[in-house]
1. Would you mind stating whether S351 is at pLDDT 70 or above and not assigned by TED's automatic domain parsing to the domain that holds A480?
2. Which of the residues belonging to the range 291-329 are among the small types (G, A, S), under 16 Å from Q377 (Cβ atoms) and not in a loop (DSSP other than H, G, I, E, B)?
3. Being more than 24 Å from A78 (Cβ to Cβ), part of a strand (DSSP E or B) and of a type outside the set (V, I, T) is the filter; apply it to the range 678-734 and report the residue that is modelled with the highest pLDDT.
4. Please verify whether the range 209-226 includes one or more residues that are among the acidic types (D, E) and surrounded by fewer than 21 Cβ atoms within 10 Å (Cβ to Cβ).
5. Among the candidates L554, L509, L541, which residue alone is aliphatic (A, V, I, L, M), outside the structural domain of P682 (by TED's automatic domain parsing) and in contact with a Phe, Trp or Tyr (Cβ under 9 Å, 6 or more places away or on another chain)?
6. So M151 fits all but one of (1) over 30 Å from K175 (Cα atoms); (2) at pLDDT 95 or above; (3) out of contact with any helix residue (DSSP H, G or I) (no Cβ under 6 Å at 6 or more places or on another chain); what number is the exception?
7. Scan the range 311-324 and give yes if some residue there is crowded, with 19+ Cβ neighbours inside 10 Å, touching a Cys at 6+ places or on another chain (Cβ under 7 Å) and farther than 22 Å from E199 by Cβ, otherwise no.
8. Within the set of pairs 6 or more residues apart or between chains, which connect a residue that is outside the structural domain of T339 (by TED's automatic domain parsing) inside the range 75-91 to a residue that is at pLDDT 95 or above and among the aromatic types (F, W, Y) with Cβ atoms less than 7 Å apart?
Amino acid sequence: MLSLVPTALIPFITARSSWTILSLVTAARTMSSSSNQRAFQLRVDPLTGNSEWVVIDEEEDQDQGPEIFKNSQQPMLAMTSYLDMLNDSPRNRAYAEAINKTITAPCHVLDIGAGTGLLSMMAARAMGSGASMPQGKVTACESYLPMVKIMRRVMRLNGMEKNIYLFNKRSDELKVGVDISSRADVLVSEILDSELLGEGLIPSLQHAHDMLLVENPLTVPYRATTYGQLVESSFLWRLHDLHNNEAKTSDGIRLVPTGVDSILGVKPQQYAYHCDAMEKEIKLLSEPFKIFEFDFWKRPDSHGETQLCIKATNDGQLHAVVSWWVLQLDREGTIFYSTAPRWISLQNNKSDEGWCDHWKQCVWFVPGQGIPISNDQEVHLHAVHDETSISYNLDKQSQTDVKMHGIKGGDFQLLLSPERIAIYGDNEWRGIMLTAIRSALKGRIDPLCVVADDSVFLTILIAQLSKTSNVISLLPGLRAKGAQYLQAVADANGFSMDRVQVLEKKQSLLSVLDTHHQKVDLLIGEPFYSGTEGMLPWHNLRFWKERTILNSVLSEDALMMPCKGILKACAMSLPDLWNSRRSLDKIEGFDHSVANTTLGACGELPTPQEGPCLPCFVWQSGKYKKLSSVFTVMEFDFSKPISRSSGQFQVEFVEPGMCHGFALWIDWVMDSENSVILSTGPDERYWKQGVKLLATPAAVGIEGSSSPSECCHAVMEASFEPSNGELIVRHVFS
C-alpha cells in the first residue's frame, strides 16, 4: 500500500484535512525534471509499521503511468475527502453562484489549491472562452501531484485545458514575471478545513496579497466568520478527562495520578466531530456567539485575540465549546455556506441540506470536569488564533482563568487521541482487561510477559497484579515517550520499574539475549498502535504478525492475549455516507466522471468496480440502520503463525430497507475459554469500523414478506492477505 501524503505539508497542510491514513505526519516530496514529474511516496506496511520511500515517475496520462502507481493510487485517494467534497451540492452551488456574480468581465483569476479544477473552470466559464474573451486568464496552482493529474484529465474532458494555466506548485512558489505575467485581479479558493484555518488559509492569503494579487482584489469567498456555543455533554467530557473518569474505577490503576493531572491526555486543540450525531447528549448553555472574522479580500493578521462576555441561558456543567464557521461568498452578502450543526439550521428556519464529511463542527474541551454555571451567569471567553488554529481560555466572572492548555506535574505529557482517552477511562473496558489478565496470570510463577503493542495500561496492570512477573514493553509507536511515562507513574501504581523494561527495537530484532535467555510466557496487547487510529480494523492484526515474528522467543505453552480475533459484519443502510461517496457526473455543468475510478467512487459506473473499504465511525456517518443480524465472516487464531484466511456467510436480513453496504469490525477474544470478548462494532463509539459500500444500493426485505423486487439474502465472502494486511470483500444479492 502506498501512503500518498500531500506535498503541501511544507510548510503547512494545504490538501484535504480529513485524511484518514495520514496520521503518519510525513511529507511526501515532488521534484520536476525537463522530461517528467517525479514523486516520492511513502509505502507503509500496516502489519509491521515499516515504511519506505518509493520513487514514482508519473506520465501525463495516468493510463500510461508505471504499474506501481496505477495499483496504489486508487485506494489511497479513496481515503481522502476529495470525493465527499465534490458531492457537496450546496457548496458547489454556492461557489458557482458567487463566481458568476463576481466575475463579470475578462480578468486574471488565481485559483489556490485547485484540486480537480472545478473553481478554475467556473471562473473560465464566467469570462467566456476563446476569442470572445481574449484578455481573460485563469492561473491554477495545485501542489499535490496526483490531483494535478486528475485535474488535467477533467479539464481535457470539458475542453478547458487551453483556458487554464495549471502549475504543480504551492501558491507561495509562484512568482510574477516567472510563472505568471502579472498579478491576479480575482482570487478563488477553497483551502478550508473544519476549524477553518488548518489548511494554511492565513499564510496562503498573506503571500497572495503580498506577491500575487492586485490591490483590493475581488475574492470568492469574500469573508469567513467563526461562531461558537457553550455546551454540556458527558460524552464529550469522557473524551478528555481521564483523571476524573478513572477515579470511579475499582482496579486501583491510576494512569493519571493525583498531582500530575495532565501527564496523559489529549492535545489541546479543536477536534472535528459531527455534533448532530450526539445532539441528544448535548445540552446548550448559551446562544451562538461570533468569535473571529476573516476577510479574504485583504491581508489577514497572523495573530488575533478577542474577549467575549457570554451570558449563560441554562444551568449546567460547561464541558466544551462547539464551533463552526459561515462563508459569505459574495461581497453583497447574499450567498452563504455554513458548517453549523443541524440545531442551528432549524432554529434559523433553514432546511437541513444534507450530510457531508469533509467539513464538520469543532469541539474544544474545557479541562477537567468543566465549570458549573447557572442561567444568566456571565462567562468570559478569551479566544486566540495563530496562523493555523484557534484556542480558548474560559473563566466565570469573579473566578480565576481556566487555562485550556496548561499542564500540571511538569513539562512531560503523553498525548493520545480523545477516543483512546475515553477507552482508558471506561470502567467496563478496564474490567474486561482486568479479568483477562488475571486469568492469563493464574498459576504462572515468575512469568515473562511481553506487551507487543503501545498499551501502557496493560504494562501497568501486569506489573501491579503480579509482583513476580517481568514485563518487556515494546511500545513500537510510543517508544521513549512511553518509557518516560511509565517511569513517572510507577510509584503511584505500586510497581517497580526494575521489573519493567521498555525495548526500543523492532520485534524482528528481539532475541533471547533481550529476555535474559528466558522464554516468553505471555504475549499480550489490546491491540492498540499509536498513530494508526485512522486505519482499518483488521490492520490491528499487526498483533498477529508480531506474534509470528516473535515465535522463536515464545515458550511452548505461551499464551496470547487476545487469543483470537473474529471478523464480524452487518448489513447497513447508510444513505448519507453512500451519497457522499457516489460516482461523479456533472458538477455545476462540468463532467467529472474521469475522476471516479481514481477517487474510489461507488454508484452507476460504466464498468462496475469494487471500491475500497473505508475506515469510519459508523455512528458519525449520518443516518444509519442495521438491516441484518451480526454475523461472523472469519476467525484469526493467534496461537498459530499468521496465515491467509477466508470466510463465507449467507446474510439474512431482519429489517426491510435500502442496503448501502456492510460494516466490518473485529471482536477480540481475550481469554482461551472464549468468555471475555471485546467488541469494536458500530455500537462501540470509540472504535472505527471498516465500511464496504455497494456499487449500487439494494432494496432488501424479510423473507416471506418482501416484494418481488427486494432481495432476501446475500452471500458475503472475504479473504485476508497477510503479506499486505488487506481484506478483500465480495458479495452477491439474491
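1. On the way: at pLDDT 70 or above: no; not assigned by TED's automatic domain parsing to the domain that holds A480: yes.
No: the conditions fail for S351.
2. From the range 291-329, those among the small types (G, A, S) are 302, 304, 312, 316, 320, 323; that's our starting set.
Next, only the ones that are under 16 Å from Q377 (Cβ atoms) stay: 312, 316.
Selection gives G316 alone.
3. Taking the candidates together, the pick is L678.
4. We begin by selecting, within the range 209-226, every residue among the acidic types (D, E); these are 210, 215.
Now drop any that are not surrounded by fewer than 21 Cβ atoms within 10 Å (Cβ to Cβ), which leaves 210, 215.
Yes; the residues of the range 209-226 include at least one that is among the acidic types (D, E) and surrounded by fewer than 21 Cβ atoms within 10 Å (Cβ to Cβ).
5. Numbers: L554 fails: in contact with a Phe, Trp or Tyr (Cβ under 9 Å, 6 or more places away or on another chain); L509 fails: in contact with a Phe, Trp or Tyr (Cβ under 9 Å, 6 or more places away or on another chain).
Among L554, L509, L541, only L541 is aliphatic (A, V, I, L, M), outside the structural domain of P682 (by TED's automatic domain parsing) and in contact with a Phe, Trp or Tyr (Cβ under 9 Å, 6 or more places away or on another chain).
6. So the condition that M151 fails would be (1).
7. no
8. Final answer for the pair search is P90/Y337; R91/Y337.
The values are calculated or read from the model by the stated rules, or taken from the named source; none is laboratory data. Owing to the predicted nature of the structure, the values given are computational and were not obtained by experimental measurement. Glycine gets a Cβ as well: all are built from the backbone with ideal geometry, and neighbour counts include every protein chain shown.
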